[in-house]
């Protein structure tokens, strides 16, 4: 009887060891996209200004964080609150925050909308732009098109002062007025 119990125990232990080693051997390795140290799908990021108030809220389809403390985003939407009565909504296919910075670089089809105090909406498009929360500024050196009712501005380079909500096109400016 004890010999049969010992044989059964040996078979159970051997079978368990075999299955555990087989499971461990066939277990898929986990990897993060793009060699990031972690990532989030459907992420919302809240950026605070130096005074601890909300500067902007960013939503992204995917957020990748890297060991050097940089981040990359896809399908980004930024709601920028500048402490004024109005705001800026920005969108882009891609974006990144370089290591050691708080600035957000948006690229691949940047669009922006800004409701003004009189109820009209300014629409802006460019290839790329920097959102600089510590300076309360958005800027770009790319071609820019900005429209609002009755006016189209086109040129190169952009600076938006988020404290005053003033949009300036810097070079080669063309303005078209329409009814």
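The values are calculated or read from the model by the stated rules, or taken from the named source; none is laboratory data. Just so it is clear, the model here is predicted, and its values are computed rather than measured. Cβ coordinates were reconstructed from backbone atoms using ideal geometry, including for glycine residues, and neighbour counts include every protein chain displayed.
So, in the stretch 83-107, exactly how many residues are in a strand (DSSP E or B) and either under 21 Å from residue 66 (Cα atoms) or more than 18 Å from the chain's Cα centre (by Cα) (or both)?
Quick first cut of the stretch 83-107, residues in a strand (DSSP E or B) only: 87-97, 104-107.
Add one more test, that the residue is either under 21 Å from residue 66 (Cα atoms) or more than 18 Å from the chain's Cα centre (by Cα) (or both), and what stays is 92-97, 104-107.
Here the count works out to 10.
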Using the structure shown, decide if residue 150 is farther than 21 Å from residue 48 by Cα and loosely packed, with under 15 Cβ neighbours inside 10 Å. yes
Could you tell me which numbered condition residue 134 fails, if it satisfies all but one of (1) surrounded by fewer than 15 Cβ atoms within 10 Å (Cβ to Cβ); (2) touching a residue at least 60 places away in the same chain (Cβ under 8 Å); (3) farther than 30 Å from residue 35 by Cα? (3)
Search result, residues across the stretch 121-161 that are part of a loop (DSSP other than H, G, I, E, B) and either at pLDDT 90 or above or outside the structural domain of residue 48 (by TED's automatic domain parsing) (or both): 149, 150
Go over the candidates 161, 165, 89, 103 one by one and state the one that is touching a residue at least 24 places away in the same chain (Cβ under 8 Å), in contact with a strand residue (DSSP E or B) (Cβ under 7 Å, 6 or more places away or on another chain) and on the phi > 0 side of the Ramachandran plot. 165
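Of the residues that make up the stretch 72-90, is at least one in the same structural domain as residue 131 (by TED's automatic domain parsing), surrounded by fewer than 10 Cβ atoms within 10 Å (Cβ to Cβ), within 28 Å of residue 126 (Cα to Cα) and at pLDDT 75 or above? It would help to see each step written out before you state the result.
Start the filter on the stretch 72-90 by keeping residues that are in the same structural domain as residue 131 (by TED's automatic domain parsing), which leaves 72-90.
When the remaining residues are screened for being surrounded by fewer than 10 Cβ atoms within 10 Å (Cβ to Cβ), the result is 85.
Filter once more, keeping what is within 28 Å of residue 126 (Cα to Cα): 85.
With the extra rule that they be at pLDDT 75 or above, the set shrinks to none.
No, that holds for no residue.
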Can you tell me which residues in the stretch 27-54 are modelled with pLDDT under 80 and either touching a helix residue (DSSP H, G or I) at 6+ places or on another chain (Cβ under 7 Å) or surrounded by 12 or more Cβ atoms within 10 Å (Cβ to Cβ) (or both)? 32, 49
Subset of the stretch 155-179 [more than 24 Å from the chain's Cα centre (by Cα) and buried (at least 16 other Cβ atoms within 10 Å of the Cβ)]: 155, 169
